[in-house]
Amino acid sequence: MNYQAFFTDAVDQLHDERRYRVFADLERHAGCFPHATWHSVDGPRKVVVWCSNDYLGMGQHPDVIAAMVATATRMGTGAGGTRNIAGSHHPMVELEQELADLHGKDAALVFTSGYVSNETGISTLVKLMPGCIVFCDAMNHNSMIEGVRQSGATKHIFRHNDVAHLEELLAAADPKAPKLIVFETLYSMDGDVAPVGQICDLADRFDAMTYADEVHAVGLYGPRGAGMAAQQGEMHRVDVMEGTLAKAFGCLGGYIAADTNIIDALRGYAPGFIFTTALPPAICAAATAAVRHLKASDMERHRHQDSVRRVKQVLAAAGLPVMHNDTHIVPVFVGDPDKCKEATDLLLEEHGIYIQPINYPTVRKGTERLRITPTPLHDDELTSALADALVDVWKRLELPR
């Protein structure tokens, strides 16, 4: 049996479908964000990162770094086990209290990543409600899709952000069956937002629970950075809030916040929580510092939105095909996987600008794009340089404008 052939064929298929992934070897430098060093085959080069999910640069914030260093010095590196076996350290407990408070919920539970919190959280919640029917937005993240799939429940996919379609599906479902509506508040590739209030209205009307993924909104929107549901004044109506510590908070991990019974059930039944080592104390302490800072400070959010507006205006004025939305995601349409990769290669190699190409399966075929994420630390000079570089690349590749 030629076992290697299976994997060779699989990799060849990735190349044929123009979705083989190439990773840039980047080295971030504390205090210099968004500048970094790219370790290319020709040696190290300075670049500017324009696609980081560290949306506010909190991974570089001195309070966050100080909390991590001090805690590692005091407590060591690893957690020492799962939460049930010596891993429930005090920085973890403090972090969960901060997250519950952020979302106005009774309790919170921290997972090793946002992917895991969705995958194991959704599947466990659904399995604990026999006969549950899941209603899932068509553009939900893969982690949510996997959570629904692993639950084994009957599912209905409603058209993206289409509350009329969701209403039709809810009305046709068994009125006596448990129901869970699963959606994101802010979708990371197009940058559009969910009508949280209308979804909650339907949940009330059809006696359904709601589960909202705030991964790309928490820290960035709403009072104290509680997210898009909070910005829309609807956070208190959402039953289960899911978020990440790896984006606006600049650290690592995912979490779910809800009432005590839901959190207790997840603690006792979710395999992705029970059977994995807890996050280290230093990471939890750093995340807590970031959450506390952004609860108290609006400066980063205001500067972030100012930077986003400026980038969108400059790129649009240059005739570049910016895909419209009202959030911090700045997608620039390409529409071809090969040219999308060529564009990012030219930006990196000739202009010192790092933007990762977004191709299938992250987005639908034919909608390939560059996904730009301005931060408060991208100034006017960097923005002008980005626009000039994009215009040069668009001309050379004869891309639509």
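Over what distance in Å are the Cα centres of segment 236-269 and segment 98-163 separated? So the two Cα centres are separated by 10 Å. Of all aspartates and glutamates in the structure, those lying under 17 Å Cα to Cα from Lys176, and not within fewer than 8 positions of it along the same chain, are Glu167, Glu168, Asp204, Asp207. With the simple spin-label model, which puts each label point 7 Å out from Cα in the Cβ direction, the Thr260 to Leu397 separation comes to 5.5 nm.
Between the alpha-carbon centers of segment 33-72 and segment 170-215, tell me the distance in whole angstrom. Each part's Cα centre sits 36 Å from the other's. In segment 18-165 the Cα-Cα distances spread across 10 Å bins starting at 0 as 9, 21, 30, 26, 12, 1 percent of all pairs. Charge tally around Leu170: other residues with Cβ under 10 Å, Lys/Arg +1 each, Asp/Glu -1 each, net -1. Mind checking the alpha-carbon convex hull of segment 99-175 and giving the volume per residue in Å³? Normalising the Cα hull of segment 99-175 by residue number yields 120 Å³. Within straight-line reach of Lys339, meaning a Cα separation under 20 Å, sit the following lysines at least 8 residues removed in sequence or on another chain: Lys365, Lys395. Pairs with C-alpha atoms separated by more than 32 Å, drawn from the list Lys179/Lys341; Lys46/Lys341; Lys105/Lys155; Lys155/Lys312; Lys46/Lys312, are Lys179/Lys341; Lys155/Lys312. Have a look at Thr77, Tyr187, Thr288 and report the one farthest towards the positive end of the charge dipole of the chain, computed about the Cα centre with Cβ charges (Lys/Arg +1, Asp/Glu -1). Going by the Cα projections, it comes out as Thr77. By the scheme Lys and Arg +1, Asp and Glu -1, what is the net charge of all other residues having a beta-carbon under 9 Å from that of His351? Combined, the nearby Lys, Arg, Asp and Glu give -4. Each peptide in 29-38, 135-144, 112-121 receives the mean, over its residues, of other Cβ atoms within 10 Å, and ordering these scores from highest gives 112-121, 135-144, 29-38. For the chain, a crude dipole built from +1 on the beta carbon of Lys and Arg and -1 on the beta carbon of Asp and Glu, taken about the Cα centre, is about 300 debye to the nearest 20.
Projected onto its three principal axes, the C-alpha set of the chain covers 60, 58, 55 Å, listed from the longest axis down.
Only the Cβ atoms of Lys and Arg (+1) and of Asp and Glu (-1) were treated as charged; on that basis the dipole of segment 167-318 about its Cα centre amounts to roughly 740 debye.
For all pairs of alpha-carbon atoms in segment 342-387, what percent lies in each bin of width 10 Å, listed from the first bin to the last filled one? Histogramming segment 342-387 at 10 Å steps yields 24, 48, 25, 3 percent. For segment 262-325, the Kirkwood estimate of hydrodynamic radius, built from reciprocal distances between every pair of different alpha carbons, is 16.0 Å. For Ile133, neighbours were defined as the other residues whose beta-carbon sits under 10 Å from its Cβ, and their charges (Lys and Arg +1, Asp and Glu -1) total +1. Ordered from largest to smallest accessible area (heavy atoms of protein chains, 1.4 Å probe), the residues Ser123, Ser88 come out as Ser88, Ser123. Taking 7 Å steps out from each Cα toward its Cβ at Ala316 and His29 produces label points 3.5 nm apart. On the beta carbon distance between Ala66 and Gln305, with R0 = 22 Å, the FRET formula returns roughly 0.25. The length gained by stretching the chain between Ala138 and Ala177 to full extension, at 0.36 nm per residue less their Cα-Cα distance, is 11.9 nm. Restricting attention to the chain, close to 60% of DSSP beta bridges with both partner residues there are antiparallel. Per-peptide packing, taken as the mean over residues of other Cβ atoms within 10 Å, places 146-157, 312-323 in the sequence 146-157, 312-323 from highest down.
The values are calculated or read from the model by the stated rules, or taken from the named source; none is laboratory data. Please read these numbers as outputs of a predicted model, since none were measured by experiment. Neighbour counts are summed over all protein chains in view; Cβ atoms, including those assigned to glycine, are modelled from backbone coordinates with ideal geometry. Just the protein is used for accessible areas: all its heavy atoms, side chains included, with ligands, DNA and RNA removed. Shrake-Rupley method; radii C 1.70, N 1.55, O 1.52, S 1.80 Å.
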